[in-house]
Every structure is written in C-alpha cells, then in structure tokens.
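First the structure, in the form of structure tokens, and then the observations on it.
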Amino acid sequence: MNSEQTDFEREIAQLLVSSLNLALDPDSIDPKAPLFREGLGLDSIDMLEIALAISQHYGIQLRSDDPENATIFASLRALSAAIAARKA
Amino acid sequence: MARAWFERRERGSRWGLRVARVLALRFGRRAGRAVLWPITAYFFCFHPEGRAGLRRYYEALEGRRPTLGTLFAHYLTFARTVLDRAYLLARHRDAPRYEIRGFEAVGRYLDEGQGVIVLGAHLGSFEAARAAAFLRPQLKVQVIMHAGVSPKLNETLMALNPDAQESVAPLGGPTSLLAIKEFLAQGGLVGLMGDRALADEATYAADFLGREAHFPSGPLRLAAALRAPVFFFSALYRGPVEGVCRYELVFEPLCGPAPGTGARGEWMRQLGERYVRTLQAYCRLAPDNWFNFYDFWQAQSGDRPRRRPARDGDDAAGVCGGSPMDRPGTPKDLGTRGKS
C-alpha cells in the first residue's frame, strides 16, 4: 500500500502494470516519478501502449498533436489527473 | 563492439559520393557505372573488417570460404544499389525498374483502410521502399529508423531530393509514436528495420544461417504496440537487364495485428521467429544483397544492459494468427538470375 497514491492513481498504476506486463507492484510506483526514461524507465513504445490502454478503458483518445502531451505523460500523477479531467 | 557498424558506415567519403552523384546524374548510367569500380575497389582494399564480416556471412551461408571474387562482386552490388538510390531519389530517367511480388495481400489490408507495417533488413535496398509509394497513387510511406545514422550518405541523398527525408521519422519523445499510430489508422505503410541492434538495445537470440545471432527486440515491440499486420519486405537487387537495373520488391506476410492484451509476448516471439526465418530464406535466394558489412553474429551478441523494467513472460500461446502464409519463410521462386 502506497499512501502517496490516491485511489484513482492506484487504478491507473494497475492499468500501467497490466498493459505493459511489468514485473512490478503497482503500489510501488511513486506518483511523482517520471514515467519516461529515468524514473520508471519506460520508452516511447511503452508510452504508445499506455495511450492505447487508456483509450480502451476510458474512451479517451490521446493524440500526437495534443499540446499537453509533454505534461500528460510526465508522471503517474499527471497522467491520472489528465484522464480524470477528460473523462468527466 | 559498441557502435561498430555505425562508425563503419561513416567510412564512405563525402567526396566520393559527390563525384558519383554528379557523374551519374549528368552523364548517365554508363558514367555512373564506370566510377563505381574505383570506389568499390577502394572500399574493398581498405576495409578489412568488412571483408572479414562478409567472409563469415558466406561461411555460414555456403559452408565454405568465399573467393575474393565473390567478396568483390558483393561490394560492387552494394555500390550499385547506392548509385540506384541516387537515380531513384532524383527521379532520373535511368531510375531502376521494379518487379513486385506479394503486394496483393498488403493491398487487401489497405483496401480496408488498415495500415500495414513492413519489417525489412539490410538486405537489398531498403530505401527502395519509397518505390512502394508508386504502387498506389495515394499510398503514403513512412520509414522509422534510428535518426542520425550515416549522416554523410543522408546529406548526399538530401541534396538530390529534399522531399525524400520528409518521410523518415526519428524515434524521439514520449509521444512520438502516437503520430505513427495515427498514420497507420489512415491507411499508411510504415517501414521498420529488424536486423541491426544498437549497443544499448535489448535483443532476442535466434538461429540465423546455422549460428546464434541477436536481433533487436524494439521493432517487434513497436509492431505489437501499433496493432497492425506485419509483412517482411525487401527490395532485392537482381542485376541489370538490357542496361537497366532491376529490383524485386518482395512482401511476405509474417503476422496479423497483435492481440490487445496478455498474449503479446507470444505474438512477438512468433513474429521474431518468422522474420528471421524469412530473412534467412531471402539471403539464400540473393546472397549478394546482404549489406551488413561486419561480423553480424559477433557484433550483436553478449550481455546487454536492461534499461527497462522486467516483464512477465508467461503469455498465452498461439496468437500470431491471421497469417495467410502457407510455408513461413519460404519465398516463392523469384525467377532466374545469373548466379542464384
């Protein structure tokens, strides 16, 4: 149990772990750590998988020309916030 | 072994390429051909690692040491394909001719608006993939590669036709691949290379021409993430006919689109297996089209760093379906040509 994760962040963390098939406990993901490269060590192919999983689960299309892309994929927290804002 | 092949490719002198370009385009094919010999001879003589790498390739392929003549002819074939790229990109009247095999299956996907991935190798002239753009008037082709490889050659090609580079997509930031996904959704054709691994790239081992070789896993993961059907692709140089160079563009179905969840690991394993088997079959068919001028088996072996977190490998089996291929990795008879 990671007390730093909110309930929704935990849900997204589980989605990341299952969609990327990570050998990792979802609760252990630091919500503020960068997802890309350093931090969780994901690459651009993982990011694509994440975008697909999000569109499948929440019906949110993430697009390449989205000006907020740099911040959306910054961390688990930023990603969760962006999904929460868009699915509402 | 770091970036051995990367550095080797840089050997080509800008000067030599420029001379070849000017001669070839101004004075036509015969002049271009004439200048090929000294350039080829130069590389052949002062490129011992390349010769040694090729020797290993022929030993694996034919089980015996190749003659110097075989090796020189191999270098000459490579030089010809470089020259042909110049003609092709400049849309010159001496541009090579193409014969196309296996595109029907690709076309069926495209008819439905489904984009297709073609997985190539440094076998033949991958740049001739652009010729695939001529297969259909509206077909858009995009080639994904490690940006910055062999800038000298690219510069020369750029000078020939500035439009050419537009369709080469570098792999960069976290969302760079979303654009590729969208490109496929619009029915585009995406080209990837599946044979060379950079120093820090994760690889998988496969039997290649009887010896264990290591191939990059990245292209397989990317193909899986893009959820598009995958075809093997090569533009094989098949020698001149009546003075005009002839290429055979071959497309072989490898796998249907990757499954959405869980079983992707097994899908990638099957894709890798079919890719290497198909590559091997085409090496046997057109041996002198192999343009990895280094010891392929040695250069990509050894312990590789794991940058990415560990994955669970216990995926379900048998998911690489959707391939209409009867005998995977067995190219059909591609007609006759001198030595093969």
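Throughout, read-outs are computed from the coordinates displayed, never taken from laboratory work. Only a predicted model underlies this, so the values are computations on that prediction, with no experimental measurement involved. So basically every Cβ, Gly included, is an ideal-geometry build from the backbone, and we count neighbours across all protein chains shown.
Observations
- FRET efficiency, B:Ala34 to B:Ala105 (Cβ-Cβ, R0 60 Å, nearest 0.05): 0.90
- As a proxy for reagent exposure, B:Arg64, B:Arg238, A:Arg10, B:Arg97 were ordered by neighbouring Cβ count within 10 angstrom, fewest first; the result is B:Arg64, B:Arg97, A:Arg10, B:Arg238.
- Convex hull (Cα only) mean projected area of region A:7-87, reported in nm² to one decimal: 4.7 nm²
- Theoretical ellipticity at 222 nm over chain A - DSSP helices of four or more residues, -39500 (n - 2.57) apiece, nearest 500: -15500 deg cm²/dmol
- Neighbour-count ranking [beta-carbon atoms within 10 angstrom, fewest first] of B:Cys45, B:Cys283, B:Cys245: B:Cys45, B:Cys283, B:Cys245
- Per-residue Cβ neighbour rank within 10 angstrom, fewest leading, B:Glu49, B:Glu248: B:Glu49, B:Glu248
- Inter-chain Cβ neighbour average for residues A:63-72, partner chain, 10 Å: 3
- Given their separation in residues at 0.36 nm each and the Cα-Cα distance between them, B:Glu182 and B:Arg65 gain 37.3 nm when the chain is fully extended.
- For chain A, size of Cβ-based charge dipole, Lys and Arg +1, Asp and Glu -1, in debye: 220 debye
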